[in-house]
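Below: one structure, written as structure tokens.
The values are calculated or read from the model by the stated rules, or taken from the named source; none is laboratory data. Predicted model, so just to flag it, every value in this text is computed and none were measured. A quick note on method: Cβ atoms are made from the backbone with ideal geometry, for glycine too, and the neighbour counts reach across all protein chains shown. Quick note on the areas: whole protein, heavy atoms, side chains included, nothing else; ligands and nucleic acids left out. Shrake-Rupley method; radii C 1.70, N 1.55, O 1.52, S 1.80 Å.
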Amino acid sequence: SVVVAGGYGVGSRENFQLLFDLAKELHGEVGASRAAVDAGFVDIDRMIGQTGITVRPKLYIACGISGQIQHTVGMQESAIVISINTDPDAPINAIADYVIIGRVEDVLPKMITYYKKNSK
């Protein structure tokens, strides 16, 4: 019911660990864009989009994902979309319900800390 997905904007395989940490706290799964897979940040079996899998979670958190059409076709039926991106004009922001402008490595640790403190 929860997918935390990352794109090229996550920056590295090491930064992708933040997505896994947040997904664990939310009892969700990690997904990725083709650009993140091609960059070697995460394995291909997590790719969402036209050439990957289609997901329809209750919550989709897009981290550092630009939102090219090839990706959005695989997640556009998500109930709620939160975008975390440094680019306020990223295409993913147009379909997001909530947009956080910021760096993934700054925002996700705060979210993880919050959910650890406030989850039962």
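Annotations for the structure displayed:
- Each 10 Å bin, from zero up to the one with the longest distance, holds this percent of the alpha carbon pairs of the chain: 16, 52, 30, 2.
- Mean separation of Cα contacts under 8 Å (6+ apart) over length of the chain, as relative contact order %: 25
- By accessible area with a 1.4 Å probe, ligands and nucleic acids excluded, highest first: order of Glu29, Glu105, Glu14: Glu14, Glu29, Glu105
- The angle between the Cα long axis of helix 104-118 and the longest principal axis of the Cα atoms of the chain comes to about 50 degrees, rounded to the nearest 10.
- Rounded if a/c under 1.5, otherwise prolate or oblate - region 50-93, Cα gyration tensor axes: oblate
- The residue among Leu108, Gln70, Thr86 whose Cα reaches farthest toward the positive pole of the charge dipole of region 59-118, with charges on the beta-carbon of Lys, Arg, Asp and Glu, is Leu108.
- Residue ranking by accessible heavy-atom surface, 1.4 Å probe, largest first, among Ile95, Ile82 comes out as Ile95, Ile82.
- Taking every protein chain into account, the accessible area of the chain amounts to 55 square angstrom per residue (probe 1.4 Å).
- Taking the C-alpha atoms of region 24-84, convex hull volume expressed per residue in Å³: 83
- Solvent-accessible surface ranking, highest first, for Arg56, Arg103, Arg46 at 1.4 angstrom: Arg56, Arg103, Arg46
- For the chain, with all protein chains in place and a probe radius of 1.4 Å, 50% of the accessible heavy-atom surface sits on carbon or sulfur.
- Angle in degrees between helix 13-25 and the longest Cα principal axis of the chain, rounded to the nearest 10: 60
- Among the protein heavy atoms, those of Tyr8 account for about 150 Å² of accessible surface (1.4 Å probe, every chain in place).
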